[in-house]
Amino acid sequence: MRIYLVRHPPPIGVDGLCYGRLDVGVEEHAIGETADSVSAQIPSQVLESARIYSSPASRCMGLARRIAAPRAPAPTEDLSEMNFGDWQGSRWDSISRNKIDEWAKDPWGYRPGGGESAEMVASRWERWLHDVRQLECDAVIAVTHAGIIRVALARSVRVDDLAVLNLHVPFGSVRRLEFE
């Protein structure tokens, strides 16, 4: 099975914000541009036949609907971004340096803002992965967030976990994972 992990288009009005699970807007033209980019990165036969899942966030669902048309994507909470608790909606530069340092010391276990740890996000990813691997299909597309993509890569590819958690995941990028 091939799983294509797609990051949503760039949201608007979030510069310098820890937005996590906040439902932030995306400009319509950005959805179209990202859909065109995704279509160039995923084979057309996969786009036409793959099951398409999405985080319920509007920044993901808008893109998922565009690439799934005329079908409908399946929203799933397991593909939601990390919950940053009371950090969400705060400016990154307003969060205590000590708290950021604590997170850096334990990126898998620390719960930023009292929200989710990377380990908790990985558990959601693994639950979703287990479910989709039970399906009889060759490919699945998941429109999601950088946090999910990072933990998916850390859990699925034999690389340095800490390096992957800091990996830059561009908006509209596609990562392909293969599973037997």
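Things worth noting here:
- Some residue of the stretch 101-122 being in contact with a Cys (Cβ under 9 Å, 6 or more places away or on another chain), farther than 19 Å from residue 4 by Cβ and of a type outside the set (Phe, Trp, Tyr): yes
A quick yes/no check of all residues on (1) buried (at least 16 other Cβ atoms within 10 Å of the Cβ); (2) aliphatic (A, V, I, L, M); (3) closer than 20 Å to residue 120 by Cα:
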position	(1), (2), (3)
24	yes, yes, no
45	no, no, no
55	yes, no, yes
64	yes, yes, no
68	yes, yes, no
75	yes, no, yes
84	yes, no, yes
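- Counting the residues of the stretch 89-99 that are closer than 19 Å to residue 165 by Cα and surrounded by 13 or more Cβ atoms within 10 Å (Cβ to Cβ) gives 1.
- Meets criteria (under 17 Å from the mean Cα position of the chain (by Cα), at pLDDT 95 or above and more than 22 Å from residue 23 (Cα to Cα)) for residue 127: yes
- Residues satisfying the stated conditions in the stretch 43-65, i.e. among the aliphatic types (A, V, I, L, M), outside any helix (DSSP H, G or I) and in contact with a helix residue (DSSP H, G or I) (Cβ under 8 Å, 6 or more places away or on another chain): 52
- The set of residues in the stretch 66-80 being part of a helix (DSSP H, G or I) and over 17 Å from residue 139 (Cβ atoms) consists of 66, 77, 78.
- The set of residues in the stretch 1-36 that are of a type in the set (Val, Ile, Thr) and assigned to a loop (DSSP other than H, G, I, E, B) comprises 12, 14, 24, 26.
- Taking the criterion of being part of a helix (DSSP H, G or I), of a type in the set (D, E, K, R), free of Cβ contacts under 8 Å to residues at least 40 places away in the same chain and exposed (fewer than 15 other Cβ atoms within 10 Å of the Cβ), the residues of the stretch 103-130 that qualify are 105, 119.
- The sole residue among 141, 149 that is in contact (Cβ under 8 Å) with a residue 40 or more places away in the chain, of a type in the set (A, V, I, L, M, F, W, C) and either in contact with an Asp or Glu (Cβ under 7 Å, 6 or more places away or on another chain) or part of a strand (DSSP E or B) (or both) is 141.
The values are calculated or read from the model by the stated rules, or taken from the named source; none is laboratory data. The structure displayed is predicted, hence computed values, not measured ones. Reconstructed Cβ throughout: ideal geometry from the backbone, glycine too, with neighbour counts over all protein chains shown.
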